[in-house]
Amino acid sequence: MSPGFLGTSAGRSRVRRAGESAYGLLLLARAALMGAVAAVLLMAGVWISLDGTRQAVADRGAVRGTMTVAECEGWTCTGPFAPEGGGGGARAGVAVEAPVSYEAGERLPVALWPGREGSDGPGGAEVVRTGTAGVLYAWLPLAGALVLASPVIAGGLGMRRTAWGAGLSGLALMGAAFALL
């Protein structure tokens, strides 16, 4: 029998087989590591986004109302707060995080979370945007995680179409959030 046919005793050496096995293990380890990095990025984005979404959506413990923008400076807009239904709890000045600048006099739907340290000062209340804009703004960490994970998915895992889908969906979520803010 000639070499290379099945059933022959002539084959690859032990050293070559060991080298091929080690290379295969390295490829497997790289794929596992990149999968873990992508999973951690996405889980962190979801974890942070869920906390913000709970604040923007939940009714228990929060005082919902409207903030009228008086002025915006940097990443913060301030103005008076009027609760829904006109009951007690009106405040002369609250501050909300605003990645975009609003015009004076604009009315923003917000929720006040009493007892939480936030934009309203120590021992005050945290002010959070509500409605569709508030929920999309709360999901911005997930959008960023999708965009950050897409090169890891493409390069480390070799899943190019999945990476394009993750990156484009993250960018679409970011665009929708800033369009509604």
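The values are calculated or read from the model by the stated rules, or taken from the named source; none is laboratory data. Quick caveat, the model's predicted, so the values are computed rather than measured. Because the Cβ atoms are built from the backbone with ideal geometry, glycine has one as well, and the counts that use them run over all protein chains shown. These area figures cover heavy atoms from the full protein model, side chains too; ligands, DNA and RNA do not enter into them. Shrake-Rupley method; radii C 1.70, N 1.55, O 1.52, S 1.80 Å.
Labels on offer are (i) 1.33; (ii) 1.07; (iii) 1.10, and the one holding Rg/Rh (Cα atoms, Kirkwood Rh) computed from this structure is (i). With springs connecting C-alpha atoms under 10 Å apart, model the chain as a Gaussian network and identify which of LEU28, LEU146, LEU157 has the largest mean-square fluctuation. Maximum fluctuation in the GNM of the chain, among the listed residues, is at LEU28. With a Förster radius of 30 Å applied to the beta-carbon distance between ARG160 and ARG14, the computed FRET efficiency rounds to 0.25. Among VAL15, VAL147, VAL63, the largest mean-square fluctuation in a Gaussian network model of the chain, built with springs joining Cα atoms closer than 10 Å, belongs to VAL15.
A protection proxy built from the mean count of other Cβ atoms within 10 Å ranks the segments 161-167, 108-114, most packed first, as 108-114, 161-167. To put it simply, the accessible area of the chain at a 1.4 Å probe is 64 percent carbon and sulfur. Simple rule: put +1 on each Lys or Arg Cβ and -1 on each Asp or Glu Cβ in the chain, find the dipole, and look at LEU42, ALA32, ALA143; the Cα lying farthest toward the positive end is ALA32. Solvent-accessible surface of the stretch 20-168, averaged per residue with a 1.4 angstrom probe and all protein chains in place: 56 square angstrom.
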